[in-house]
Amino acid sequence: MIMIVMHSAMILTMAIGIIGSCLGMDSLRNFLYDMSKTKGVIMTKHKKGQGTCLCGAVTVIAPEMKTTLSACHCGTCRTWCAGPFLAVGCGSNVEIIGQDHLSVYSSSDWAQRGFCQRCGSSLFYRLKATNQYFVSSEIFHETAFAFDLQVFTDEKPTYYAFSNPTKNMTSDEVLAAFSSST
Ligand SMILES: [Zn+2]
Ligand SMILES: [Zn+2]
């Protein structure tokens, strides 16, 4: 099975080289994204995302939005957004339109949380040191996200559970991974 997947990936890589020279990078990304949907092969990791809060006052534009999303079950996230925070990594290249209606709350020494001050929509979690944005997947109205990771699972209350097959990490595992990468 792995051999078959690798073979398909190799053919796709060759095709991408040819098509990529004909199309711009954005077109190529869109092509890859469509291929990943139709063939079930995840060849792309990013696409352009644009989402708005409930009232429309704040728009988040993320040219490098990941196509995978994660859920954080920590108590801070659950209090902040009325449930587990479903987040999609968008890197540091994020544009926010409607700054006048944006409020940013420092929830820790290392991170901020942005929300619309008019409608209260939870918009993003931002790491201060690296300017990395993790944007609420729910503002994008994207249906093709792949939900593949749950974090702070030891802080998840027992009264709800996702049935999605995901990688799961406890708070200790997250902190170990974070400290080993810095
Ligand atoms: Zn709003
Ligand atoms: Zn959290």
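Every number in this text was worked out from the coordinates using simple rules, so none of it is lab data. Being a predicted model, the structure only gives us computed values, none of them experimental. In this analysis, Cβ positions are derived from the backbone assuming ideal geometry, glycine residues included, and neighbour counts consider all displayed protein chains.
The table below gives the values:
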{"item": "Phi-based couplings in Hz for segment 126-137 (Karplus 6.51, -1.76, 1.60; Gly and Pro marked x)", "result": "10, 7, 5, 5, 10, 6, 8, 9, 10, 9, 4, 4"}
{"item": "Residue among PHE145, THR52, CYS116 farthest towards the positive dipole end of segment 34-152, charges placed on Cβ", "result": "PHE145"}
{"item": "For segment 45-180, the spread of Cα positions along each principal axis, largest first, Å", "result": "37, 32, 32"}
{"item": "Other-chain or far-sequence residues with amide H under 5 Å of SER107's (modelled H)", "result": "GLN112, ARG113"}
{"item": "D_trans [Stokes-Einstein, Kirkwood Rh over alpha-carbon pairs] for segment 94-169, 25 °C, 0.890 mPa s, µm² s⁻¹", "result": "168"}
{"item": "Contour excess over end-to-end distance, with Cα ends at SER171 and TRP110 and 0.36 nm allotted per residue", "result": "20.4 nm"}
{"item": "Given charges at beta-carbon only (K, R positive; D, E negative), |dipole| of segment 95-182 in Debye", "result": "160"}
{"item": "In order through segment 49-58: 3J(HN,Hα) via Karplus (6.51 cos²θ - 1.76 cosθ + 1.60), integer Hz, x for Gly, Pro", "result": "x, 9, x, 10, 6, 4, 8, x, 6, 10"}
